[in-house]
Structures are given as C-alpha cells and as structure tokens.
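No value in this document is a laboratory result; all are computed from the given coordinates. Bear in mind the structure is a predicted one, so any value in this text is a computation, not a measurement. Because the Cβ atoms are built from the backbone with ideal geometry, glycine has one as well, and the counts that use them run over all protein chains shown.
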Amino acid sequence: MRAALAASVLLVAASAAGWWLTRPPPEPPKVAEDQTFEDMDRAEYEAWMQELGYTD
Amino acid sequence: MLLWLAVLLGMRFGAEHWLPALAAAAEQLDAGESMPVPPKPTGLASLPAPGTPGDGQRATLLSPATCEAMVADLRDVCWQSLARQVAPADPDEALRVCARVAGSEMVLECHADVAESIAVADRARAETICAAIESRKWRGQCFFGSGLALAETDAEYAMGRCAHAEVYQTFCRHDVVGEIALVDLPAAHAQCAREEGDWLTRKTCWHGIGKYLARRDTSEAAAACDASTAEWRGTCYHGVGWGGAERDADATLADCSTRGPYADHCRHGVAAQFKRADPTRAVALCESIQKADTRARCLDFVTR
C-alpha cells in the first residue's frame, strides 16, 4: 500500500516536472509606442533588464 | 521507465496547456508588440571596418534584383540588409531602399540601421536621420545604435547618445559603457564613477563593464569590478558571471569560486544566464550560492 502510494506520488511529481519544463517564458512588459524611461515603473524596468541579462 | 513516461506525459499536457500562450506570444511578435530587445549588444565591433579586409565583400552581397526576386516574407529583410550595405557609401540611396520595405515597423528599423551604419563616418547625418524618426520607440533605438557605433571612437559622445535613447536609455548606457570598456577601461570607469541617474541607471552601468569584459576574460573583468564603486561591486560581478557564462560556464564558475566575497554574485550571474537554456541547471546553481539573500534572489529570478 505504502509502496503504491509512494509510486503514485513520484508519478505525479514527474508529470508535474514535465508540465513545468514546457512552460513559456514570462510575459514581457508591454512597452507602449510613446513610453519614456521616466514614466516606466522602476521595478518593471528592472525586471525587464534582469530577463535580458542587464542587471542582477 | 515509468517515471520517464510520466515526465513525457506531463510535457505533452504541458505543451497543450501552454500552446495557446505561445501562440499569443507569436501573434504579439507579428504585431510588433514583442519584448523590445536592445539592438546589437556588440555594436558594429564585429563587422569589418570600411577599407579593411572583408569589408569589400559587402558590396557584392546584395542588389535590388536580389531582393525583388525573394519571396514576400524575406523581401523586407533583404531591403533592410541592402540599405545597411549601401549606407556607408550613399546614405540617401540607403533611405530610398528603406522606402521599399513594406512593413511599417521594419521601415523605421531600416532608418535606424542606416544611421548606425554611417554614425562613425558622419555623426551629424546620423543624428539627423534619428531625429527625423517620428516613432519614439524607433527614434530611441536609432540613438542607441548610434551610441554603440561610436563607443570605441568617442566615449563621451557615445554615452551622450543614450540620453536620447528614450525608453532604452539604461540599456544603452549598459552596452555603450561595455563597448568602451573593451578598448578603454579607464574611460568606462570614469563614466560609471559619475554615478549619474537613478539607482537602476547607476548599478547597470557597472554591470555593463563586468559583462562585456567577461565575454573576453573573466579575470580581466573581475579586476575591473574590484575597481568599481563598492555599492555596485556585486552587480558588476553578476555581469562577470553572465558574460563569462556566454563563453564558458564551467570555466566561469571555477573563476567565480576564487572571487572571495563576490563569488556568490558571480554564480548568480551564471545561474541567471542559464534560466532559459537550462532551467534545471539554473536552479541547481542558485542552490549552490552560500549567501542566503543572494540565493533567494537567484531562485526567485530563475523560477519566476
């Protein structure tokens, strides 16, 4: 019984891992045509730079 | 065997679940709403300079007939490439070639490319072309490209272009200072040491130095970071990790280990670089980080 339970948990975990591996990259920020650096939220800008390898 | 089947099954259902999101993202790309990516991180440094071996080959690569003969999907790309090819000799003709591009966004990109192509030889004309672009986004890209083109020629002027790079100004400063660092590290240091702009602008300047030098040599990059403002030294070392990992992740990780209090910042940079290509390894790298706060930030980034 325990073995069956453990195996089920492992199978579910493995399926979840496979599902997670296929996830798409995060949504990019919606930069409007007339967007300026000054009016862009800093946290969002930082996240944008992080995704592209421009900051930590 | 059963576990592998489970993983594959999970991937199958995962793909089915995520495909609509991927399709939507693809539509965004077609509509020009994709994540704006700063142009050409290496600037024109990799292209042969006018008059040097290899440069003459560009003149025989494309012709209007070549582009006219292409299928519709490739024709605009061809016109754009032809415009870049022609621009150094005849910017006006290059802009006329840009006018043949069908896509509205690509026409603007074409103008920006022409400006970048001629910026070293005629910065005034490049500025005029950029200033004439009505789209704020593409005008910003244009000045960004001009800054990259002039980074190795005139550091002060090149950084000055970034003030006109609109929403890309901090990306611009990062890449231009990185290009400057490759040929004149004291000049790059001097730019970042001014500590201009807000906190994000200031720290990413140092990141640019670390990243660009690390693409060449991580020891050289680390030495440059050691001379940076103490407040942003960790960020600089993150750049070392990222840039070095683009070239040789294992060698960079080995080098990171020798960097004392900044080893973890360096490893964070390597892990971040792996986020898209190898998320499993990225997570493992984050988990190897000793400092709790750096490890937490790393894991937060690679798993989001």
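Points to keep in mind about this one:
- Couplings for the range B:195-204, taken from phi via the Karplus curve 6.51 cos²θ - 1.76 cosθ + 1.60 with θ = phi - 60°, read 6, 8, x, 7, 4, 5, 5, 5, 6, 6 Hz in order; Gly and Pro are left as x.
- Shape of the range B:55-139, Cα gyration tensor, a/c cut at 1.5: oblate
- For the range B:110-187, averaging the sequence separation of C-alpha pairs within contact (under 8 Å, six or more residues apart) and dividing by the residue count gives a relative contact order of 26 percent.
- Computed from point charges on the beta carbon alone (+1 for Lys and Arg, -1 for Asp and Glu), the dipole magnitude for the range B:55-139 about its Cα centre is near 120 Debye.
- Exposure proxy for B:Arg304, B:Arg123: other Cβ atoms within 10 Å of each Cβ, ordered fewest to most, give B:Arg304, B:Arg123.
- Taking the range B:55-139 and dividing mean pair separation by its residue count, relative contact order in percent (alpha carbons under 8 Å, at least six apart): 21 percent
- Among B:Phe274, B:Phe144, a tally of other beta-carbon atoms within 10 Å of each Cβ gives an order, fewest to most, of B:Phe274, B:Phe144.
- Listed from fewest to most Cβ neighbours within 10 Å, the set B:Ser135, B:Ser257 follows the order B:Ser257, B:Ser135.
- Peptides B:159-169, B:232-242, B:80-90, B:183-193 ranked from most to least packed, by the mean per-residue count of other Cβ atoms within 10 Å: B:232-242, B:159-169, B:80-90, B:183-193.
- Among B:Trp79, B:Ala119, B:Ala89 - extreme Cα towards positive end, dipole of the range B:55-139, charges at beta-carbon: B:Ala119
- Charge dipole (debye, nearest 20) of the range B:161-291; +1 at Cβ of Lys and Arg, -1 at Cβ of Asp and Glu: 200 debye
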